[in-house]
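**Student:** Just passing along the structure, written as structure tokens.
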Amino acid sequence: MSVDTTILLIILGCALVTVIPRIVPFMLVRNIELPQLVIKWLSFIPVCILTALVVDSVLIEADHGIAIDWNVLIVIVPTLFIALWTKSLSITVIVGVILMAIIRFIF
């Protein structure tokens, strides 16, 4: 298999553009003592991202506006209970994926 130089340079450029914004901030703040206010603010980012992902999955665009994807909501409720009960990210993700697969198979 032969790889064209242009394609290889595009792939390497895309990798570089992807890695730089993810690695450089960690390298810059690794040796800096951040203020407590900034650390508290950063602690809310995972919750905000998770909320955005869940809301994006539950609410769908319909002809008349916004509707609820009931299949996703049916899966979210027991998955949330499993997360609260086990407090394990791995078990929660596995249960959520299995429940979504079952719901999609049925409906």
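The values are calculated or read from the model by the stated rules, or taken from the named source; none is laboratory data. None of the values given here were measured: they were computed from a predicted structure. Don't worry about glycine lacking a Cβ; one is built from the backbone with ideal geometry, like all the others, and counts go over all protein chains shown. All accessible areas refer to the heavy atoms of the entire protein, side chains included, with ligands and DNA or RNA removed. Shrake-Rupley method; radii C 1.70, N 1.55, O 1.52, S 1.80 Å.
**Student:** In square angstrom, rounded to the nearest 10, how much accessible surface does CYS48 have for a 1.4 Å probe?
**Tutor:** Here the accessible area works out near 80 Å².
**Student:** Compare ALA67, ALA83, ALA15 in a GNM of the chain, Cα atoms joined below 10 Å, and give the one with the largest fluctuation.
**Tutor:** With Cα springs under 10 Å in the chain, the top fluctuation among ALA67, ALA83, ALA15 is at ALA15.
**Student:** Here is a follow-up. Using just the helices of the chain, give the 222 nm mean residue ellipticity in deg cm²/dmol: DSSP H runs with n ≥ 4 each add -39,500 (n - 2.57), and the total is spread over all residues, rounded to 500.
**Tutor:** Value at 222 nm, helices only, nearest 500: -25500 deg cm²/dmol.
**Student:** Next question, about the same structure. On a 0 to 90° scale, report how tilted helix 70-86 is relative to the longest principal axis of the chain, with both axes built from alpha carbons and the result rounded to the nearest 10.
**Tutor:** Helix 70-86 and the main axis of the chain meet at about 80 degrees.
**Student:** Out of [x] 60; [y] 25; [z] 35, which label holds the value of percent of Cα pairs over 22 Å apart that was computed here?
**Tutor:** For percent of Cα pairs over 22 Å apart, the calculated option is [x].
**Student:** For the chain, take the longest principal axis of its alpha carbons; what is the angle in degrees between that and the long axis of helix 45-58, to the nearest 10 within 0 to 90?
**Tutor:** Between helix and principal axis, roughly 50 degrees.
**Student:** Round to the nearest 0.05 the FRET efficiency obtained for THR6 and TRP41 when R0 = 35 Å and r is the Cβ-Cβ distance.
**Tutor:** Approximately 0.25, to the nearest 0.05.
**Student:** When you count, for each residue, the other Cβ atoms within 10 Å and take the mean per peptide, how do 54-66, 70-82 rank with the highest first?
**Tutor:** Peptide ranking by packing, descending: 70-82, 54-66.
**Student:** Additional query: Separation of segment 1-20 and segment 76-107 by C-alpha centroid, Å?
**Tutor:** When both Cα centres are located, 37 Å separates them.
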